[in-house]
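Visitor: Below are the structure tokens for one structure; questions will follow.
The values are calculated or read from the model by the stated rules, or taken from the named source; none is laboratory data. The structure displayed is predicted, hence computed values, not measured ones. Glycine gets a Cβ as well: all are built from the backbone with ideal geometry, and neighbour counts include every protein chain shown.
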């Protein structure tokens, strides 16, 4: 029973995401034809935000309801780790200039280690993507 419900939840979020992408593409083409169309520009901005939210919701559902046996689960999991690791790396880089000199070296070493880990996650995600299409 749970597998059927999980698949339905994942499928519904995927359909929402695909619908938002199609609507965004249609409105973007309209805007490309007439860049002065402020209504189209506003609609594209709204749809872009909605598409981003739908993408986030879909990824969250994959992690909550998806099966680790599915390659898509790992693609989303590694993608989330990469996003968080990249954000943390940038925050550490931005903060390092405000630290005392003695702490800068340690934080710089931590940043390098984190970048290495993110690189490993990226490689694992690529392998998961290759497995998904194979």
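Visitor: Spot the failing condition for residue 131; the list is (1) out of contact with any helix residue (DSSP H, G or I) (no Cβ under 6 Å at 6 or more places or on another chain); (2) in a helix (DSSP H, G or I); (3) loosely packed, with under 13 Cβ neighbours inside 10 Å, and only one is missed.
Guide: Among (1) out of contact with any helix residue (DSSP H, G or I) (no Cβ under 6 Å at 6 or more places or on another chain); (2) in a helix (DSSP H, G or I); (3) loosely packed, with under 13 Cβ neighbours inside 10 Å, residue 131 violates only (1).
Visitor: Take the conditions surrounded by 14 or more Cβ atoms within 10 Å (Cβ to Cβ), more than 30 Å from residue 22 (Cβ to Cβ) and either modelled with pLDDT under 90 or not assigned by TED's automatic domain parsing to the domain that holds residue 2 (or both) and apply them to residue 97. Does it pass?
Guide: When the stated conditions are applied, residue 97 does not pass them.
Visitor: Run down 62, 82, 75 and say which single residue is surrounded by 16 or more Cβ atoms within 10 Å (Cβ to Cβ) and assigned by TED's automatic domain parsing to the domain that holds residue 16.
Guide: Working: 82 fails: assigned by TED's automatic domain parsing to the domain that holds residue 16; 75 fails: assigned by TED's automatic domain parsing to the domain that holds residue 16.
One residue alone meets the criteria, 62.
Visitor: Name every residue in the stretch 81-118 that is assigned to a loop (DSSP other than H, G, I, E, B) and either closer than 18 Å to residue 131 by Cβ or out of contact with any helix residue (DSSP H, G or I) (no Cβ under 9 Å at 6 or more places or on another chain) (or both), in order of residue number.
Guide: 98, 100 - these are the residues of the stretch 81-118 that are assigned to a loop (DSSP other than H, G, I, E, B) and either closer than 18 Å to residue 131 by Cβ or out of contact with any helix residue (DSSP H, G or I) (no Cβ under 9 Å at 6 or more places or on another chain) (or both).
Visitor: If you check residue 32 against the conditions, is it loosely packed, with under 12 Cβ neighbours inside 10 Å and over 30 Å from residue 130 (Cα atoms)?
Guide: Judged against the criteria, residue 32 is a match.
Visitor: A further question follows. Got a sec? Which of 58, 78 is under 30 Å from residue 112 (Cβ atoms) and touching a helix residue (DSSP H, G or I) at 6+ places or on another chain (Cβ under 7 Å)? Full working, then the answer.
Guide: On the way: 58 fails: under 30 Å from residue 112 (Cβ atoms).
Result of the check over 58, 78: 78.
Visitor: Let me ask you something else. For residue 50, indicate whether it is closer than 30 Å to residue 2 by Cβ and either assigned by TED's automatic domain parsing to the domain that holds residue 5 or not in a helix (DSSP H, G or I) (or both).
Guide: On the way: closer than 30 Å to residue 2 by Cβ: yes; either assigned by TED's automatic domain parsing to the domain that holds residue 5 or not in a helix (DSSP H, G or I) (or both): yes.
Yes; evaluated as a whole, the condition is true for this residue.
Visitor: Assuming residue 36 fulfils every condition listed in (1) without any contact (Cβ under 8 Å) to a residue 24 or more places away in the chain; (2) part of a helix (DSSP H, G or I); (3) not assigned by TED's automatic domain parsing to the domain that holds residue 108 apart from one, which condition is it?
Guide: (2)
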